[in-house]
Amino acid sequence: MTDERGGLPPLVRTRRRALCAHRAASKRRKVMHRLLRQSLILAALLAAPAPAGAQAVEQAQADVEIAPLPIDPEVTIGQLPNGLTYYIRKNGEPERRVELRLVVKAGSLQEDDDQRGLAHFLEHMAFNGTKNFEKQELIRYLESIGMRFGADLNASTSYDHTVYQLTVPTDAEGALETAFRILDDWARGITLDPEEIEAERGVVLSEWRARLGVGTRVRVRTDSVLLGVSRYLDRHPIGLPERIQTATRDQIARYYRDWYRPDLMAVVVVGDIDKAQVESLIRKHFGNLQAPRRKRQREEYTIPTHEEVRVAIVTDPELTGSTVELIQKFRPAPINSVERIRDGIVQTIYAGILNDRLREIATRSNAPFLGASTDFDSYVGGMSVQRVVRVMTRDDALIEGFRAALIEVERIAQHGVTAEELDRRKKLLESQYRQALITRSKIPSASYAADYVTHFVTGWTPASVEAMVSLSRALLKGITEEDVAELARRWKSRENLVVVALVPEKEGVQPPTAEALLGVLDDVSGSLLAAEMGDTIATGSIELMAALPTPGAVIEERFIREVGITEWKFANGARVLLKPTDFTPDQVLVTGYGWGGTSVLDDERLRDAVLARSMPAVSGLGSLRSNDLRKAVVGKLLSIGVDIGAYTQSVSGRSTVRDLETFLQLLHLHFVAPRIDEDAIQAWKKRQVAAIEGRAASPEAHFADTLRAVMSQNHPRTRPLTAADVEALDPHRALEVYRERFADPGGFTFVFVGSFEPDSIRPLVERYIGGLPAGQGSRGWRDNGVRPPSGVIEKVFRFGREPRARIAIVFHGPYAHSDDDQIALGALARLLSTRLRDRLREALGGTYTVDVRSELHSVPERIYAVQITFDAAPDRVEEMQRAVFEEIERLRNGGPTEEEIAQLREEVSRELELALKSNSFWLRLITTHDQMERPLAELANYREHTAGRVTAKLVHEMSRRYLDSRRYVRVTQLPAE
């Protein structure tokens, strides 16, 4: 795969981007260690010097005396005589696993003119035959020890480097030694068999085709403005389709010979290993790796600077909304310097403050934009970027919205930020630093491996968490309001400034002119503004609850010893399940569900649930608006939200142990204190209408909507929301729906999983859950007759510009409520996924990925679904679909082989080995089991029970029962004619 990080416009990101702290809320955060990187690693990649803070930098250097940061002593970094670099770290998170990486400091920038796309093509060939592993033998071996292609075996090619990724169990006999043979083969033993090149050509073209769409079209049209005349402009990693179609073995081999050499390579090994053994294996496998006699010079490339403001205006019929970005490219301070780290902290604070102000404006009914934000990012050629503002507007208000957002930047430039705003942001960072120290023992090996890849590629020092926190805290103390405000002034130099406007191409929408966009810059930079934005900056402390609720009594208690779960039942009817763990320090996950959802609403009230489920997020709780709620929990590491689904209403979130009382206060308020903020609701409506109108242009949305309509037989309760529906929503009716769904805590079961002991949190649970007032809300769900169609239904429609087809095939029907059905259906989906990958991708070269997933639903009826989804070239759709049904029929007739079953068992066992040490997995497992009314004691020995039940006979029976050629839906989307 290619590593092409970016959005619209697509500013290419590095892997380190994933560690930036202002993205701390991202779902990708697996450990709180990532939160620390907000100020440190973001800075290391992005920041430019800030002269105004020079004294603070010098003072911090004097106080901390770790500039530059030292390399973490727990990692061994060495170099072989041939120039190959290696990194070794022992780490037991997770146990019995090791992460291996082969890093080659060469990517698409190193391609010759006749090789465009061949760095990526070579990466594909590494999985299609090497010295010690013929074609699919490598993948088959790894799957035999429980690893999966994609999750545990993968690779990526970027502009300047290529990374091969391998995860293996350390307790599988010979696995570590075999893993080194694989790395060795990748380094020098890829066979590049001509037949395999020909077979893989279609796969690479399928990956290129899968990326086609509005995002790629926008990138092509904005690259020339953002990248200028540079090597980056014509060396995109995916390459040129015409070059991929005609590439020869000699051209690929030349790239392999020139750039895969020891002085440009690193081997990274992190995991539950013996460091001396690993170092011996590195020397054994790579010590005799020879460089070519004549080394090609590896050039460093950059992008040109410019003094004039550049403008790109892009229109496209598949754009789903109007957006304008003001982007400034800049060269950051030297890597590993204290200035760079400090600048990153300042950038994080500035972005948080400005985003708070912009968010507050966006919640007004007369907001001039739908949403606006700022951020900082790494770019290419040694440059970084500041998105001075990114503004989403109605199609007819782009200039107005752009001006309004940029005015808030200028307001900070002229008047600075308040001491309270700065203090809030510092508190948040301090909380994240504290959490990083608490959770540092649980940093996964994959995170360390990513750090060492980054060190080899960029030089950024992989310091210890303790060292980074120490320096960061010292620097944070000296940051002033003026340091933050300086970032709002930099754009006015006009250096390396780019304006990008994206506008849907549709009737009645006129894109802005370059003159109009540039006029906004002139107008705003020359304006004199008032110091304050009305009531957007809150002052003083904010309390969540004026009076605490009276605790409720636990009237029944039991301990499910087999699985370590405590159950409490309260006088108000609420039920609580508690599973203490030691998996992740200082983490508590919570979910609560009650039956009913939208199923109990009449058709005329169904749409009200759309606003009802968003009511707390939009309007706030109690006496506090949503923006005030955010300020009230500043420095707290928690999140919470509610949902009203088809058959359940739920509340869920996460917290640290330290912040659990605040979390439970918010949970309590979600039940007893919903509110209406008319102004914020009107702004929300405008955003929803814009999203719905934009959705009409999206091929992906059309595909999803069509599939849903067919699967539900166009049932009126499943039709998509329209703009007219949103306009007609009444806040008071929505509030009534919300209160009905959350009125009765007696209909709720709450599940707690994480770092606590039941007795230690019992007083909090008694007060905030047991103290919920008993209500009279309806319990249970209602069957509204939504069912999939019977027989075979096939739907073909056309939509979209690109030569790309999408296909979904869904088998469905009733299932027996048994362990065998649940376990076998998941195994069946895995097996079918592997077979279809081998047939559609490897044998036919007709698609890049095939997704097979299974679902079981217990309400309103016990039904299953097995969905197969893939892309293909339009002229190969029939061929690909025919191949799918041939593989299904082969499985139904012959069943799986014993080898396939052994592989499935090992795969399931290895995945559960890790999953059962995850709080989030246990939360889902307990909740799902409870909803299906299964005894929780069954969860004991879940791994052995699940993997051990997978047999060839059972999977064969399930394939005949659940892959019924007389009952399926097939939806095919072809490009518009």
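The values are calculated or read from the model by the stated rules, or taken from the named source; none is laboratory data. Predicted model, so just to flag it, every value in this text is computed and none were measured. All Cβ positions, even for glycine, are placed from backbone atoms using ideal geometry, and neighbour counts span all protein chains on display. When the accessible area is computed, the model is the full protein with side chains, heavy atoms only, and any ligands, DNA or RNA have been set aside. Shrake-Rupley method; radii C 1.70, N 1.55, O 1.52, S 1.80 Å.
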In nm, what is the difference between 0.36 nm times the number of residues separating ASN154 and GLU794 and their Cα-Cα distance?
226.9 nm
Among 797-808, 591-602, the order from most to least packed when residues are scored by Cβ within 10 Å on average
591-602, 797-808
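Averaged over every viewing direction, what's the projected area of the C-alpha convex hull for segment 792-974? Give it in nm², one decimal, please.
If I average the Cα hull's projected area over directions, I get 11.5 nm².
Note down the relative contact order for segment 792-974 as a percent, whole number, built from C-alpha pairs under 8 angstrom at least six residues apart.
Numbers: 246 pairs, mean separation 77.5, N = 183.
Relative contact order comes out at 42 percent.
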Multiply the residue gap between ASP522 and THR897 by 0.36 nm, knock off their C-alpha separation, and tell me the result in nm, one decimal place.
127.9 nm
Pop the C-beta distance of ALA843 and VAL509 into the FRET formula with R0 = 45 Å and round what comes out to the nearest 0.05.
0.45
For the chain, what is the accessible area per residue in Å², given a 1.4 Å probe and the full set of protein chains?
39
Formal net charge of residues neighbouring THR972 (Cβ-Cβ distance under 9 Å; K, R +1; D, E -1)
+2
Ranked from highest to lowest mean number of other Cβ atoms within 10 Å per residue, what is the order of the peptides 559-567, 333-341?
333-341, 559-567
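Given a Förster distance of 45 angstrom, what is the FRET efficiency for GLU878 paired with HIS857, based on the Cβ-Cβ distance and rounded to 0.05? Kindly include the intermediate steps, with their values, before the conclusion.
On the way: r = 32 Å, r/R0 = 0.70.
FRET efficiency, GLU878 to HIS857: 0.90.
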Tell me the mean residue ellipticity at 222 nm calculated for the chain from its helices only (DSSP H runs of n ≥ 4, each -39500 (n - 2.57), averaged over every residue, nearest 500).
-13000 deg cm²/dmol
How do the peptides 446-457, 493-504, 261-272 rank, highest first, by the average count of neighbouring beta carbon atoms within 10 Å per residue?
261-272, 446-457, 493-504
Scoring only Lys, Arg, Asp and Glu (+1, +1, -1, -1) among other residues with Cβ under 12 Å from the Cβ of ARG387 yields -1
Could you state how much accessible area LEU437 has, in square angstrom rounded to the nearest 10, with a 1.4 Å probe and all protein chains kept in place?
40
What percentage of the solvent-accessible surface of segment 862-977, computed with a 1.4 Å probe over protein heavy atoms, is contributed by carbon and sulfur atoms?
47
For segment 310-526, what ratio Rg/Rh do Cα atoms give with a Kirkwood hydrodynamic radius?
1.01
Note to self: C-alpha centroids of segment 577-595 and segment 880-942 sit apart, in Å, by 23
Once both label points are put 7 Å beyond Cα along the C-beta direction, the THR170-MET1 separation in nm becomes 2.7
Of all accessible heavy-atom area on segment 75-287, the percent that carbon and sulfur account for (1.4 Å)
46
Subtracting the Cα-Cα distance from 0.36 nm times the residue separation, let me have the gained length for GLU137 to GLU177 in nm, one decimal.
12.8 nm
Charge context of ASP193, other residues only, Cβ under 12 angstrom, K/R +1, D/E -1:
-2
Separation between the GLU420 and LEU548 pseudo-spin-labels, each 7 Å from Cα along Cα→Cβ, expressed in nm?
2.6
Given 10 Å bins starting at zero, what is the percent of C-alpha pairs of segment 317-445 in each, up to the one with the largest pair distance?
11, 33, 33, 18, 5, 0
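Quick check for me: using +1 on Lys/Arg Cβ and -1 on Asp/Glu Cβ, what's the dipole size of the chain about its Cα centre, in debye to the nearest 20? Mind showing how you got there, number by number?
Details: 132 positive and 138 negative charges, 92 e Å.
In debye, rounded to 20, the chain gives about 440.
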Which entries of LYS506/LYS795; LYS506/LYS685; LYS105/LYS275; LYS329/LYS492 have Cα-Cα distances beyond 18 Å here?
LYS506/LYS795; LYS506/LYS685; LYS105/LYS275
Rounded to the nearest 5, the percent of antiparallel DSSP beta bridges in segment 310-526 equals 75
When the label point is put 7 Å from the Cα of ASP730 along its Cα-to-beta-carbon vector, which residues of segment 674-703 have a backbone N closer than 17 Å?
676-678, 682
Computed FRET value (nearest 0.05) for ALA291 with ARG658, which takes r as the C-beta separation and R₀ as 60 Å
0.65
For segment 75-287, compute Rg over Rh where Rg is the Cα radius of gyration and Rh is the Kirkwood radius from the inverse mean 1/r over Cα pairs.
0.99
Distance between modelled label sites at GLN277 and GLN776, nm, 7 Å Cα→Cβ extension
6.9
Could you work out how far the C-alpha centroid of segment 61-133 sits from that of segment 610-645, in angstrom?
43
Here are some pairs, LYS569/LYS917; LYS427/LYS631; LYS442/LYS917; which of them have Cα atoms lying more than 19 Å apart in this structure?
LYS569/LYS917
What is the log10 of I(q)/I(0) for segment 554-769, computed with the Debye formula using one identical point scatterer on each Cα and no solvent, at q = 0.10, 0.15 Å⁻¹?
-0.53, -1.04
